[in-house]
Amino acid sequence: MRQRISVILFLLTSAVIAVWGTSVSLTSETPVGREEVVFWHFWSGADGKVVDQIVQRFNRSQEQYFVRAVSMPGNNFDMKLFLAITGGDPPDLINQDDPIVADWAHREALYSMEEIAPAEEVDRMKQWLLPAARSLGEYDGKLYAVCNGLDIRALYFNQDLVEAALQRPAPPFLSSTDELDSVAQACTKYQGQQLTQVGYLPDPRRLWAWGPAFGGDFYNEVDNEFTADDDAIVRALDWMVSYRRRLGAHNVATFRQNDQSLPNKMFPLLANRYAVVLDGQWRVRDIEAAQEESLLKGQSPTRYGVWPLPHDPTASGKAGWVNGNVFLVPRHSKQSKGAWEFIKFWTGLDGQQDEAAKTCIAGGWIPVAKPVSDSELFQGYLDEHPLFERFVEFSQTDQVPTPLVPGAARYYREINNLVQRAMYSEEQIDLKAELALISQQMQQQLDRLGDRSHVVDDGGRNE
Amino acid sequence: MSAVTQRRRRLSGWIFVSPWLLGLLILFIYPFIASFLWSFTEYDLLTSPRYVGTDHYQRIAQEIASGEGFGKALVNTVYFAVVSVPLSIFMAISLAVMLNWKVRGQAIFRTLFYLPSMVPIVASSILWLWLLDPRDGMVNGFLGFFYEVPPLWFQGIQEAISLDTPLQFGSKDGLAMMSLWGVGNFMLIYLAAIGDIEPSLYHAAELDGAGVWQKFRHITLPMLSPIIFFNLILGIIQSVQAFTQVYIVSEGTGQPAESSLMISLQLFLSAFRDLEMGYASAIAWVLFALLGLATWGLFRTSKNWVHYRGVRM
Amino acid sequence: MSSMTGGEMNNQRTSVWRITLLIVVSALFMLPLVLMLLASLKPAEQLTGDPYSLLPERVVWSNYQQALEAIPYLKYLANSIVLCVGSVVGTVVSCSLVAYGFARLRWRGRKAMFAVLIATMLLPWHVTMIPRFVLFSELGLYNQLAAIILPTFLGDAFYIFMLRQFFMSIPEELSEAARLDGLSEFGIYWRIIVPLSKPALVTVAMFQLVVSWNDFSSPLLYLSDQEKFPLAYGLEQFVSSYSDQTHLLMAASVMFTLPMVFLFFVAQKSFTRGITMTGSK
């Protein structure tokens, strides 16, 4: 009897929840008379709130379109998007940061901006964007992606630690990787057998930055050739692996993994685990927050600085690696016009630089256009955030993206896997041969994709 | 019975099974043919398929030889199966034997042993991700007494059963550990089978002076052999199909460095992340063939060790 | 005591040993669950500051409230319920009908069809996954819960097999008598077989309930709209954005696990019976 009652209660509760749950909606409804632009992005938490505010600002500025932002945290964002496109229910606009632009453009999963916007506006957009931002979206002579935030990486250093170890003031920049090595060695500490502090430890995902800094090219655009076994890249990788040779593979792996379990995914530099860390501009906020916290506690805050990647400007001029967030308009987007309006709003085109500056300040993002970073509003922000200013400065140097070529996402992965293997295990690897093998496989894949007729399907376009 | 009712009964047979027939047609026969045909094409679902002959099968053969891509996933899956299947058979039988002891509170113990199997796989993945955290995980908190450098579990590419890194538990060992925790279903099957064994067999053995181990070795184990065989085959199939837990602990990528990239995840990612439907279909078929081969091989050897009702087959 | 024979003493000693061993092993099996429960009640600082401590410094029930809001738990729960109910109904209806056809009716091709049914059980889902996705998209089922529910109305080989075994154990004379009374085949199925097979049908329903509740790969493949996510999938999304908030993750996991534990205690018998049935075919 009691069992029966509990089952009935259980069923009743379920029914109530089901009825209630299917009737409530998680996002705000689109007002009557406005055209809805469904916008997918992957920001969540604090960044998600910033995005919501930007969207609200846009919606207030508009009478025709209404952007409904959908946060899609989780893994394999691209995959979900691809499923939505092939499933026949794509969003109208997305923002993401993986190197898939060329691949998807090649497979005709995207609209180029030329297809959805007036030619004259697209031209102006191309002029508007910084070279680094533009390079992230151009494929086959057309603009398939519009960058709305650059991610630039540089070497953060703990100035107090570095100066204590070197017993002299920290240099304003590093002249070579040798100098970085000597700083790193001076700052590495052991407790018995166990590493407690590492001067510097290359991140396996950043051969993409060190390769160009060493003067290497991952792809030869003239001959359409994958060139991962470029001598400069092999040298860069060998240099990264030298850290494993010095510290031991297991130490490297353990030390690296333990970073992940710092409280609240803390920036490891702040935990004094490293003296130098290669990371992106978003860490400036973490550093500033930590410094503020020390001040509140009445301690003198630790000083931090930023170095650009040491590179030889006479040799190639390439300064490092850039990636960033880009807007994409999936083919069959029902509101491509509205999507374009929102892109213009976010990037600040057509005299909206103050709005764009506000956006960049809110998110701690690097502007993609010079007028935005030069705006009074943004300059005022930079005056208060000297570390961030360095990154904005670097964004205007020659930063190289992952090549825009079909298969780039796989290329990116395979290279990172190789570096990870080379750095985290004692396995003896012939770096040059392995890099050559990756190039060869990528080349095969490219050849297979090869000559595909560029039939443009206008079926789902909204004119 | 009249001829009309006869015919009606015959026809109603087809009518009753018609839902399944429809399912067979659209969920099996059509996909079966389509994926076979696609495996000979370059296809991304966005543009029309292009015939490429046996390219994908050649690529798979190459990858098996070089241990990359599918080859890597195959090696990972085999490692996972070889570690987890025998251990879970051993575990399930041990637990079943223990539950068969006539002690007070038998039912409670059975519930306690079985309960972990009711934990949804998503929840148990989250749970073990935390328990096996290299730094904050309880398991390493305990292992810290024995290891100078505690194992990395889901963050590590090591393999505990290897010459290079013996007992350094890596991502696949973590997954095996998870599957051991959920052996409840097979434990119950073994328990029922042990209950079905004629007590007279044990009495006879006792009269011959057999000890506990001898009784287990010569009566219990042979009587359980058909179920062990069933468990072995199902275990292999389950290892090959392991997806959810792999997806969650490796954040949908098979990381670190593809050390937890199992076949089902590799196939899924090839298809829907890399947009290579042709290659993925070819993998599915190779997998189908390999599974068939393994099952057939097991059936062949089973004649030597599986006893049906005490009679060797 | 002194009157005990050596054998009895021995027996008692083994039984003490056995109980001790059982307690130790069951404690080991329950430990992860207990740790999950305890962690879900700990303050966040304790989990990062003192990760190896067992008991919560203070009990923080608000973890649950926070998790409920952050996920959004109730919305996803509602979707899970819709999925589970739909799939259970679909499975029980279709599988019992098909099993009746295989178990109680004689028709040409039955044996061959049954062999095909068994064969589909051995087919890995990978082989059919991609075309199935394409087909469902063509049918406009993408991003619809129906993409996950509808296939259950087309039967499942495993359950059909289970129910067939059960139906076959019901005496044929009952059907013959009903036929003489003029009952149609559907009438026999509905009035005689179904009522007599309640335990088996409950088992199938329970199994499918667990499967639907746990199902992660179908929503991953078919759903893109947060409004439609079931818990199993919503929870995974939550993990990737809150990976550092162990207390919330554990609270969410506990809430996701509890209904299954409840189900097990309510329907322990049909579970155990169903599972042992699969082994003894």
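Report yes if some residue within the stretch B:153-173 is under 15 Å from the mean Cα position of the chain (by Cα), in a helix (DSSP H, G or I) and at negative phi; otherwise report no. Yes, the stretch B:153-173 contains at least one residue that is under 15 Å from the mean Cα position of the chain (by Cα), in a helix (DSSP H, G or I) and at negative phi.
In the set A:GLU427, A:GLU384, only one residue is within 12 Å of chain B (Cβ to nearest Cβ) and surrounded by fewer than 18 Cβ atoms within 10 Å (Cβ to Cβ); that residue is A:GLU427. Against the criterion of being hydroxyl-bearing (Ser, Thr, Tyr), closer than 30 Å to C:VAL210 by Cα and assigned by TED's automatic domain parsing to the domain that holds C:TYR233, C:SER40 does not qualify.
Of all residue pairs spaced 6 or more apart or on separate chains, those with beta-carbon atoms under 7 Å, a first member in the stretch B:29-51 that is at the interface with another protein chain (Cβ under 7 Å from one of its Cβ atoms) and a second member that is open to solvent by 20 Å² or more (accessible area, probe 1.4 Å) and basic (Lys, Arg) are B:PRO31/C:ARG132; B:GLU42/A:ARG448; B:GLU42/B:ARG50; B:THR47/A:ARG452. Of all the residues in the stretch C:237-251, those that are in a helix (DSSP H, G or I) and either at pLDDT below 80 or at the interface with chain B (Cβ under 8 Å from one of its Cβ atoms) (or both) number 6.
This table checks each residue for (1) open to solvent by 20 Å² or more (accessible area, probe 1.4 Å); (2) among the aliphatic types (A, V, I, L, M); (3) over 30 Å from B:GLN168 (Cβ atoms); (4) more than 8 Å from chain C (Cβ to nearest Cβ).
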| position | (1), (2), (3), (4) |
| --- | --- |
| B:TYR114 | no, no, yes, no |
| B:SER117 | yes, no, no, yes |
| B:TRP128 | no, no, no, no |
| B:ARG135 | yes, no, no, no |
| B:PHE145 | yes, no, no, yes |
| B:GLU148 | yes, no, no, yes |
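The single condition from (1) closer than 28 Å to C:THR120 by Cα; (2) free of Cβ contacts under 8 Å to residues at least 60 places away in the same chain; (3) in contact with a Phe, Trp or Tyr (Cβ under 8 Å, 6 or more places away or on another chain) that B:ILE60 fails is (2).
Of the residues B:LEU275, B:LEU265, the single one that is at pLDDT below 90 and either at the interface with another protein chain (Cβ under 10 Å from one of its Cβ atoms) or part of a helix (DSSP H, G or I) (or both) is B:LEU275. With respect to the conditions (1) within 14 Å of chain C (Cβ to nearest Cβ); (2) crowded, with 18+ Cβ neighbours inside 10 Å, B:GLN158 falls short on a single one, namely (1). When the stretch B:52-65 is filtered for residues that are within 15 Å of B:SER270 (Cα to Cα) and more than 9 Å from chain A (Cβ to nearest Cβ), the ones remaining, listed by number, are B:HIS56, B:TYR57, B:ILE60, B:GLU63. When the stretch C:18-47 is filtered for residues that are at the interface with chain B (Cβ under 7 Å from one of its Cβ atoms) and either assigned to a loop (DSSP other than H, G, I, E, B) or more than 31 Å from the chain's Cα centre (by Cα) (or both), only C:ARG18 remains.
Which ones in the stretch C:48-76 are within 10 Å of chain A (Cβ to nearest Cβ), open to solvent by 20 Å² or more (accessible area, probe 1.4 Å) and part of a helix (DSSP H, G or I)? Of everything in the stretch C:48-76, those that are within 10 Å of chain A (Cβ to nearest Cβ), open to solvent by 20 Å² or more (accessible area, probe 1.4 Å) and part of a helix (DSSP H, G or I) turn out to be C:THR48, C:GLY49, C:ALA70, C:LEU74. Among the residues of the stretch A:63-94, those that are touching a residue at least 24 places away in the same chain (Cβ under 8 Å), open to solvent by 30 Å² or more (accessible area, probe 1.4 Å) and either more than 10 Å from chain C (Cβ to nearest Cβ) or outside any strand (DSSP E or B) (or both) comprise A:GLU63, A:GLN64, A:ARG68, A:GLY88.
Residues are listed down the side, and each one gets a yes or a no for (1) within 11 Å of another protein chain (Cβ to nearest Cβ); (2) without any contact (Cβ under 8 Å) to a residue 60 or more places away in the chain:
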{"site": "B:GLU206", "(1), (2)": "no, yes"}
{"site": "B:TRP213", "(1), (2)": "no, yes"}
{"site": "B:TYR247", "(1), (2)": "yes, yes"}
{"site": "B:ALA271", "(1), (2)": "yes, yes"}
{"site": "B:SER281", "(1), (2)": "yes, no"}
{"site": "B:TRP285", "(1), (2)": "yes, no"}
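Among the residues of the stretch B:27-57, those identified as of a type in the set (D, E, K, R) and under 22 Å from A:MET79 (Cβ atoms) are B:GLU42, B:ASP44. Does at least one position in the stretch C:82-91 carry a residue that is touching a Ser or Thr at 6+ places or on another chain (Cβ under 6 Å), surrounded by 22 or more Cβ atoms within 10 Å (Cβ to Cβ) and within 7 Å of another protein chain (Cβ to nearest Cβ)? Checked against the condition, which is being touching a Ser or Thr at 6+ places or on another chain (Cβ under 6 Å), surrounded by 22 or more Cβ atoms within 10 Å (Cβ to Cβ) and within 7 Å of another protein chain (Cβ to nearest Cβ), the stretch C:82-91 yields no hits at all.
Applying the condition of being within 14 Å of chain A (Cβ to nearest Cβ), at negative phi and assigned to a loop (DSSP other than H, G, I, E, B) to the stretch C:98-143 and asking which residue is most open to solvent (accessible area, probe 1.4 Å) yields C:LEU139. Taking first residues from the stretch A:374-386 that are in the same structural domain as A:LEU130 (by TED's automatic domain parsing) and partners that are open to solvent by less than 80 Å² (accessible area, probe 1.4 Å), the Cβ contacts under 6 Å between residues at least 6 apart in sequence or on separate chains come to A:SER375/A:GLN353; A:SER375/A:ALA357; A:LEU377/A:ALA357; A:PHE378/A:ALA357; A:TYR381/A:ILE361; A:LEU382/A:GLU389.
Could you tell me whether C:PHE166 is closer than 19 Å to B:PHE16 by Cβ and either more than 10 Å from every other protein chain (Cβ to nearest Cβ) or buried (at least 16 other Cβ atoms within 10 Å of the Cβ) (or both)? Yes, satisfied. Checking the stated criteria, C:LEU209 turns out to be assigned by TED's automatic domain parsing to the domain that holds C:LEU83, assigned to a helix (DSSP H, G or I), crowded, with 17+ Cβ neighbours inside 10 Å and not hydroxyl-bearing (Ser, Thr, Tyr). When the residues of the stretch A:6-22 are filtered to those that are facing chain C (nearest Cβ under 9 Å) and more than 47 Å from the chain's Cα centre (by Cα), the one that is nearest to C:PHE229 (Cα to Cα) is A:VAL7.
Each residue in the stretch A:239-258 was checked for being surrounded by fewer than 18 Cβ atoms within 10 Å (Cβ to Cβ) and either at pLDDT below 80 or outside the structural domain of A:ALA184 (by TED's automatic domain parsing) (or both), and 0 of them qualify. For residues that are at pLDDT 90 or above and in contact with an Asp or Glu (Cβ under 9 Å, 6 or more places away or on another chain), tally how many sit in the stretch A:218-235. Going through the stretch A:218-235 one residue at a time, the tally reaches 8.
The values are calculated or read from the model by the stated rules, or taken from the named source; none is laboratory data. All of these numbers come straight from a predicted model, not from anything done at the bench. Neighbour counts run over all protein chains shown; Cβ positions are idealised from the backbone, glycine included. The area values use the complete protein model at the heavy-atom level, side chains included, leaving out ligands, DNA and RNA. Shrake-Rupley method; radii C 1.70, N 1.55, O 1.52, S 1.80 Å.
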